Amino acid sequence: MSSNFHTHSVYCDGRGTLREYVDYAVAHNFDALGFSSHAPVPFNNRFALRPDRYEDYCREVRALRDEHQGRIDLFLGLEIDYIPGLLDNFEPLVRQGGLDYFIGGVHLVAVPGESQSDNPDERAERLWFIDGSRQETYDEGLQRLFGGDIRRAVTAFFRQSNEMIERTHPPVVAHIDKIAMHNRGRYFSTDEAWYQLLLGETLLLAHEAGCVVEVNTRGLYKGRHTDFYPSRRALTDMNRIGIPVIVSTDAHAPEELDRTEGAYTMLHEMGYRNVLERIDLL
């Protein structure tokens, strides 16, 4: 692996300073490293970059880039959560930071058609958190917000992803089928026709928008999933329609930078035609 564009440091929910990430990347012969802290969100939380630290984050990335010029290429980015009514316009964050790139993703799923409070913290309480280490959080949100209707909940995830792609045209789409992570085959099968139809619609929109879709390995090396995001089945469809991919480890610590879990070998063996090492900059 010679590059990684999906990383999280002490500025958000990761472990390790930016310098520690750079040191690890240089020691392991990386050509390029992108920083993609979780973007600030307008409600109280424990996972995202604080708004009052955004300028510090941008300044430190640029200083490290200047310091390491000629040894490794460093890029300034964010992973931005698309949250209807709370964070659905990425342009102000992109402009403020002068970002090189951003990754668009959905971790918090809104309930479609639900009346919303004017208080951002109260609105955040009505979001289904599909990520994290606790399967119980996924289960509780499914019951509380969607009455246990998994098909309605999964549809909401993919519709929100579609809206993000259509409105923001992210250079990279993060873990496009992560909704399956905490399912673990309990509520639905990813082979079911309705699920494949929803995923297929999202993949086609990503293709039409010119997005790169990441092959995210974190679920595998953390033991939370049995496949990549997207799955091998989805990657077969993506290869057929010509969606470019980039392998990322979604690192939350420097030593996770090269945890590719055989992704490059898998892509080579399946004959994937468009595997990128770098992404187009803004």
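The values are calculated or read from the model by the stated rules, or taken from the named source; none is laboratory data. Worth saying up front: this structure is predicted, and the values here are computed from it rather than measured. Cβ coordinates were reconstructed from backbone atoms using ideal geometry, including for glycine residues, and neighbour counts include every protein chain displayed.
Looking only at helices (runs of 4 or more DSSP H) that lie completely in region 197-277, which have at least 2 residues being in contact with a His (Cβ under 9 Å, 6 or more places away or on another chain)? Give the steps one after another, and end with the answer.
Working: elements: 218-221, 232-241, 263-269.
Those helices (runs of 4 or more DSSP H) span 218-221, 232-241.
Within region 7-16, can one find any residue that is among the aliphatic types (A, V, I, L, M), outside any helix (DSSP H, G or I), surrounded by fewer than 21 Cβ atoms within 10 Å (Cβ to Cβ) and in contact with an Asp or Glu (Cβ under 8 Å, 6 or more places away or on another chain)? Write out each step before concluding.
Keep residues of region 7-16 that are among the aliphatic types (A, V, I, L, M), which gives 10.
Filter once more, so that each one left must be outside any helix (DSSP H, G or I): 10.
Checking the rest, the ones that are also surrounded by fewer than 21 Cβ atoms within 10 Å (Cβ to Cβ) come to 10.
Now drop any that are not in contact with an Asp or Glu (Cβ under 8 Å, 6 or more places away or on another chain), which leaves none.
No, that holds for no residue.
Counting just the residues of region 221-237 that are more than 19 Å from R159 (Cα to Cα) and either touching a strand residue (DSSP E or B) at 6+ places or on another chain (Cβ under 9 Å) or crowded, with 21+ Cβ neighbours inside 10 Å (or both), which one comes out modelled with the lowest pLDDT?
Once the filter is applied, the top-ranked residue is H225.
Which residue is nearest to the chain's Cα centre (by Cα), if the candidates are limited to region 210-234 and must be under 19 Å from H8 (Cβ atoms) and among the small types (G, A, S)?
Across region 210-234, the extreme among qualifying residues is G219.
Before we move on, is E256 over 17 Å from the mean Cα position of the chain (by Cα) and not aromatic (F, W, Y)? Step through it out loud before you land on a result.
Working: over 17 Å from the mean Cα position of the chain (by Cα): no; not aromatic (F, W, Y): yes.
In short, no.
Conditions first: (1) over 19 Å from the mean Cα position of the chain (by Cα); (2) touching a residue at least 40 places away in the same chain (Cβ under 8 Å). R65 passes all but one, so which condition is the exception?
Result: R65 fails condition (2) only.
Select from region 170-209 the residues that are of a type in the set (D, E, K, R) and over 15 Å from the mean Cα position of the chain (by Cα) and write down the one among them that is surrounded by the most Cβ atoms within 10 Å (Cβ to Cβ).
Taking the candidates together, the pick is E201.
Can you name the residue in region 259-282 that is in contact (Cβ under 8 Å) with a residue 60 or more places away in the chain and either buried (at least 17 other Cβ atoms within 10 Å of the Cβ) or polar (S, T, N, Q) (or both) and is also farthest from I80 (Cα to Cα) among such residues? Full working, then the answer.
Of the residues in region 259-282, the ones in contact (Cβ under 8 Å) with a residue 60 or more places away in the chain are 260, 264, 276-282.
Retained after the next criterion (residues that are either buried (at least 17 other Cβ atoms within 10 Å of the Cβ) or polar (S, T, N, Q) (or both)): 260, 279.
Working: T260: 23, I279: 16 Å.
Here the answer is T260.
What's the total number of residues in region 186-196 that are among the small types (G, A, S) and part of a helix (DSSP H, G or I)?
In the first step, residues of region 186-196 are kept if they are among the small types (G, A, S); the result is 189, 193.
Restricting the remaining residues to those that are part of a helix (DSSP H, G or I) gives 193.
Counting residues in region 186-196 that are among the small types (G, A, S) and part of a helix (DSSP H, G or I) gives 1.
Let's see how each residue does on (1) closer than 25 Å to V245 by Cβ; (2) surrounded by 16 or more Cβ atoms within 10 Å (Cβ to Cβ); (3) in contact with a Lys or Arg (Cβ under 7 Å, 6 or more places away or on another chain):
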position	(1), (2), (3)
H28	yes, no, no
E55	no, no, no
R71	no, no, no
L78	yes, yes, no
D118	no, no, no
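From S133, S115, which residue is out of contact with any helix residue (DSSP H, G or I) (no Cβ under 8 Å at 6 or more places or on another chain) and within 21 Å of S9 (Cα to Cα)?
S133
Would you confirm whether or not region 170-178 contains a residue that is out of contact with any strand residue (DSSP E or B) (no Cβ under 6 Å at 6 or more places or on another chain) and modelled with pLDDT of 95 or more? First the steps, then the outcome.
Our first condition is that a residue be out of contact with any strand residue (DSSP E or B) (no Cβ under 6 Å at 6 or more places or on another chain); within region 170-178, this holds for none.
For region 170-178, residues out of contact with any strand residue (DSSP E or B) (no Cβ under 6 Å at 6 or more places or on another chain) and modelled with pLDDT of 95 or more: absent.
Run I103 past the list (1) part of a loop (DSSP other than H, G, I, E, B); (2) closer than 27 Å to G34 by Cβ; (3) touching a Gly at 6+ places or on another chain (Cβ under 9 Å); (4) not basic (K, R) and report the number of the one that doesn't hold.
(1)
Scan region 116-136 for residues that are without any contact (Cβ under 8 Å) to a residue 12 or more places away in the chain and either among the β-branched types (V, I, T) or in a loop (DSSP other than H, G, I, E, B) (or both) and report the count. It would help to see each step written out before you state the result.
If we filter region 116-136 for residues that are without any contact (Cβ under 8 Å) to a residue 12 or more places away in the chain, which is where we start, we get 117-119, 122, 125, 132, 134, 136.
Restricting the remaining residues to those that are either among the β-branched types (V, I, T) or in a loop (DSSP other than H, G, I, E, B) (or both) gives 117-119, 125, 132, 134.
Number of matching residues: 6.
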